[in-house]
1. Is it the case that some residue within the stretch 33-52 is under 17 Å from Asp169 (Cβ atoms), more than 16 Å from ligand 3 (Cβ to nearest atom) and open to solvent by 80 Å² or more (accessible area, probe 1.4 Å)?
2. Scan the stretch 93-101 and give yes if some residue there is within 16 Å of ligand 3 (Cβ to nearest atom) and either touching a Pro at 6+ places or on another chain (Cβ under 9 Å) or of a type outside the set (A, V, I, L, M, F, W, C) (or both), otherwise no.
3. How many residues does the stretch 181-198 hold that are within 17 Å of His392 (Cα to Cα) and either within 16 Å of ligand 2 (Cβ to nearest atom) or open to solvent by 60 Å² or more (accessible area, probe 1.4 Å) (or both)?
4. Every residue in the stretch 21-46 that is within 14 Å of ligand 1 (Cβ to nearest atom), in a helix (DSSP H, G or I) and either touching a residue at least 24 places away in the same chain (Cβ under 8 Å) or more than 18 Å from the chain's Cα centre (by Cα) (or both), please.
5. Can you find a residue in the stretch 2-12 that is at negative phi, open to solvent by 30 Å² or more (accessible area, probe 1.4 Å), within 15 Å of ligand 3 (Cβ to nearest atom) and in contact with a strand residue (DSSP E or B) (Cβ under 9 Å, 6 or more places away or on another chain)?
6. How do the strands (runs of 3 or more DSSP E) wholly within the stretch 289-369 filter down when requiring 1 or more residues that are out of contact with any Gly (no Cβ under 9 Å at 6 or more places or on another chain), farther than 25 Å from Ile180 by Cβ and at pLDDT below 95: which remain?
7. Scanning the stretch 183-217 for residues that are part of a loop (DSSP other than H, G, I, E, B) and more than 12 Å from ligand 1 (Cβ to nearest atom), which turns out farthest from Asp239 (Cα to Cα)?
8. Please verify whether Arg59 is in contact (Cβ under 8 Å) with a residue 60 or more places away in the chain, more than 15 Å from ligand 3 (Cβ to nearest atom), outside any loop (DSSP other than H, G, I, E, B) and loosely packed, with under 15 Cβ neighbours inside 10 Å, treating the condition exactly as stated.
Amino acid sequence: MKFGGTSVATPGHIRRVADRLIARHEAGDRVVAVVSAMGKVTDDLVDLAHQLTAHPSVREMDMLLTTGEQVSIALLAMAVQARGVDAISFTGAQVGIMTSSTFSKAQILAIDAACVREALDEGKIVIVAGFQGRTPDGQITTLGRGGSDTTAVALAAGLSADLAEIYTDVAGVYTADPRIVPKARKIDVIGYEEMLEMASSGAGVLSMRSVEAARNHGVIIHCRSSFTDEPGTIVKEQDADMEQAIVSGVTFDTSEVKFTIRAVPDQAGVAAQVFSKLADHDINIDMIIQNISEDGATDISFTAPTGELDVAEQAVREAVEVIGARTWVVDEDVAKISIVGAGMKTQPRVSARMFSALAAAGINIDLISTSPIRLSCVVAQDQMEDAVRALHTEFGLDDSSAVDESN
Ligand code: ADP
Ligand code: ASP
Ligand code: MG
């Protein structure tokens, strides 16, 4: 049972989580809880670090951020104990979550979890800090923002649990972020592949790594509300009984910037030189477009993570020098919107419908990319919400019973 930041934001919230754990324990389940830092604590810690330096070391950043989860596990264990039920908390390092040594985005390599099994055998509720682990040589690491979901799924796999329940501040996975699209509908069941595309294109309700881990280890996820008992969304292997909508969800992502390199000589090997420079600096490129102009030069545009803007600019500066391009610009006010659906594979008209719906809403498309079950467009950030709502309506996802607050 994993509880996110909003679910443990105050002592009152923590008490309610304790009650949920105890109810399951008393029903006869062996319960392992994974918790995030309280409320916005992780963001506050990031802020604190940036008040001291613009470029904090990644090792010290992980040392700092893991304290957030250490606070919430101890408080939750106390809350359970105060109700007269035995509980024990552990950090990621204590439960043997072994990770790679890439601070700030470490990958889980193995989980020992012997102490978890031992405590469960003793009848305790076990509470584990999300988002953290340790390297084989004892360094403390974090798994990347939203990483507590991954801890929960990895522990569920390591303990051969029946289910990984992810409790959050919405009632499950919706056809679009319900904060942006009031008419979004809760999805009852979704396959791993669709969920993976939704998570990787911006649906932050489940972290992408957690869905990947669930798919790789066959862990069933139940994503649900921490405030009510209603059933949420089941994430599992797609099977023949599951409905194959053309489009299951609409997502958006504002975490990328768009670079354009102007008047690049139109010769073989030029793109290779540009993207080699970016790769040398470890920049993950998402979308790419190349336009050939009439005078024999081309423009190359691509998107890169906002968080790596400084390094990407450095790489582009070097590339422009080598290839002899005229200029380059970066646009930070962009957003990527995507439609995701397993049924899209057999529907040739999907892209035409997407572009027409955007055109009808007066929205210009900058870049386009596709996967077999996803179509993404980059648009101006101030048109993002309109774009998401237009696509949600176009593909028949609106909940007709929902109150439309936008009118
Ligand atoms: P937690 O702190 O519990 O991990 P998160 O903030 O990480 O919670 O994730 C929950 C949030 O994800 C919701 O409040 C919602 O705004 C957002 N979200 C984005 N896309 C979706 C979606 N498709 N379905 C449900 N929630 C979504
Ligand atoms: N506290 C971490 C974060 O805010 C991890 C998590 O909540 O999943 O990203
Ligand atoms: Mg989260």
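1. Checked against the condition, which is being under 17 Å from Asp169 (Cβ atoms), more than 16 Å from ligand 3 (Cβ to nearest atom) and open to solvent by 80 Å² or more (accessible area, probe 1.4 Å), the stretch 33-52 yields no hits at all.
2. no
3. Of the residues in the stretch 181-198, 1 are within 17 Å of His392 (Cα to Cα) and either within 16 Å of ligand 2 (Cβ to nearest atom) or open to solvent by 60 Å² or more (accessible area, probe 1.4 Å) (or both).
4. Val41, Thr42
5. For the stretch 2-12, residues at negative phi, open to solvent by 30 Å² or more (accessible area, probe 1.4 Å), within 15 Å of ligand 3 (Cβ to nearest atom) and in contact with a strand residue (DSSP E or B) (Cβ under 9 Å, 6 or more places away or on another chain): present.
6. Where strands (runs of 3 or more DSSP E) fall fully within the stretch 289-369 and carry at least 1 residues being out of contact with any Gly (no Cβ under 9 Å at 6 or more places or on another chain), farther than 25 Å from Ile180 by Cβ and at pLDDT below 95, they are 297-305, 327-331.
7. By that ranking, first place goes to Lys183.
8. yes
The values are calculated or read from the model by the stated rules, or taken from the named source; none is laboratory data. The structure presented is a predicted model; accordingly, all values stated were derived computationally and were not measured. Glycine also receives a Cβ, built like all others from the backbone with ideal geometry; neighbour counts cover every protein chain displayed. Ligands, DNA and RNA are excluded from the accessible area calculation, which covers all protein heavy atoms including side chains. Shrake-Rupley method; radii C 1.70, N 1.55, O 1.52, S 1.80 Å.
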